[in-house]
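J.: Quick one: structure below, then a few questions.
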Amino acid sequence: MKLERVIQYAQTLLKMSITEGDIAVDATAGNGHDTLFLANLVGDEGYVYAFDVQKEAVDATLHRLLDNALEHRAIVLKDGHENVAKYVTKPVAGAIFNLGYLPGSNHDLVTKPNTTIQAIESLLKLLKVGGIIVLVVYHGHEGGKEERDAIIHFVSELPQKYVHVLRYEFINQKNEPPFIIALEKVKNIPLES
Ligand code: SAH
């Protein structure tokens, strides 16, 4: 047997929660691999909302969709994932974040604790029961540890009645490999009064 690697396991989790006709979110489009993966899962009746603040990432993602003739299944927004609720109003079956910087691009442009957590909060509201948010937490770069710690703190406090929080991590690997945090919504969270 072989334990699933982190990237592979992130896709396994998405596959378990997203099916044809669903709405899915790629919170960090980057080079578009996950947007394409999600576009394949949602089918022609479903839809993917992809976000990235960099033009380069938006272009790369659009190209990948076009190359695979799946551009009709997704919209690629040049905006921050913290604004997800401005665009997505229907229940979401699954969402993915790849944190950190875009490989081969500007290493100073990284995801940030506050906006990442804002996006998670918004997505938790949008998520349907049984839906999942998957975070691939890269933390080796500058600022990565602060973001990792802020996220761990935030998700650890989520009430287990509403959200199940999983950490999937190889704990003996060198060079600060990424790990997964997955949030499964198990019950609708009452709106704050
Ligand atoms: N570290 C990963 C890739 C992360 S890509 C790997 O090695 O595979 C992260 C992407 O998030 C980048 O393309 C960056 O532009 C984008 N990003 C940064 N802040 C963002 C925000 N607020 N909203 C949406 N995307 C953001």
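J.: Looking at the stretch 8-153, send over the antiparallel percent of its DSSP beta bridges, to the nearest 5.
T.: The answer is about 0 percent antiparallel.
J.: Apply the Karplus curve 6.51 cos²θ - 1.76 cosθ + 1.60, θ = phi - 60°, to the phi angles in the stretch 28-43 and return the couplings in whole Hz, x for Gly and Pro.
T.: My calculation for the stretch 28-43 gives 9, 4, x, 8, x, 4, 6, 4, 5, 4, 5, 4, 5, 6, 7, x Hz in order.
J.: Quick check: with the 1.4 Å probe, what order do Thr116, Thr19 take by accessible area, largest first?
T.: Numbers: Thr116 0, Thr19 80 Å².
My answer, sorted largest first, is Thr19, Thr116.
J.: May I pose another question? According to the Kirkwood expression over distinct Cα-Cα pairs, how big is the hydrodynamic radius of the chain, in Å?
T.: Averaging 1/r across every pair of different Cα atoms and inverting gives 16.7 Å.
J.: So, in Å, what gap is there between the alpha-carbon centers of the stretch 126-149 and the stretch 11-79?
T.: Cα centroid to Cα centroid, the span is 18 Å.
J.: Now a separate question. For the chain, what is the mean residue ellipticity at 222 nm derived from helices alone (per DSSP H run of n ≥ 4: -39500 (n - 2.57); sum divided by total residues; nearest 500 deg cm²/dmol)?
T.: So the calculated ellipticity at 222 nm is -10500 deg cm²/dmol.
J.: Share of the stretch 6-185's accessible area from carbon and sulfur, percent, 1.4 Å?
T.: Taking all protein chains in place, the stretch 6-185 shows 50 percent carbon and sulfur surface.
J.: If Asp79, Asp67, Asp59, Asp44 are ordered by their accessible area, calculated over protein heavy atoms with a 1.4 Å probe, which sequence runs from highest to lowest? Intermediate values should be presented prior to the final figure.
T.: Working: Asp79 35, Asp67 125, Asp59 55, Asp44 100 Å².
Most to least solvent-accessible, the answer reads Asp67, Asp44, Asp59, Asp79.
J.: Arranged from highest to lowest average of other beta-carbon atoms within 10 Å per residue, in what order do the peptides 122-135, 5-18 appear?
T.: Result, highest mean Cβ count within 10 Å first: 122-135, 5-18.
J.: Mind ranking 23-30, 88-95 by how tightly packed they are, going by the mean number of other C-beta atoms within 10 angstrom, highest first?
T.: 23-30, 88-95
J.: Grab the Cα-Cα distance for Met1 and Asp59, subtract it from 0.36 nm times how many residues apart they are, and report the gain in nm with one decimal.
T.: The Met1-Asp59 span can extend by a further 17.0 nm.
J.: Once you keep just the Cα pairs under 8 angstrom separated by 6 or more residues, what percentage relative contact order results for the stretch 92-131? Walk me through the intermediate numbers first.
T.: Working: 23 pairs, mean separation 22.4, N = 40.
Contact order relative to length: 56 percent.
J.: How large is the dipole of the chain about the Cα centre if only Lys and Arg carry +1 and Asp and Glu carry -1, each at its Cβ, rounded to the nearest 20 debye?
T.: In total the dipole reaches around 480 debye.
J.: Here is a follow-up. Output the relative contact order of the stretch 62-193, whole-number percent, from Cα pairs under 8 angstrom with separation of 6+ residues.
T.: 24 percent
J.: In addition: Mind giving me the nanometre distance, one decimal, between the label points for His164 and Tyr87, set 7 Å out from Cα along Cα→Cβ?
T.: Inter-label distance under the simple model: 3.0 nm.
The values are calculated or read from the model by the stated rules, or taken from the named source; none is laboratory data. Please read all numbers here as calculations on a predicted model, not as lab measurements. Methodologically, a virtual Cβ is constructed for each residue, glycine included, from the backbone with ideal geometry; neighbour enumeration extends over all protein chains shown. Surface areas here come from the heavy atoms of the whole protein model, side chains and all, with no ligands, DNA or RNA. Shrake-Rupley method; radii C 1.70, N 1.55, O 1.52, S 1.80 Å.
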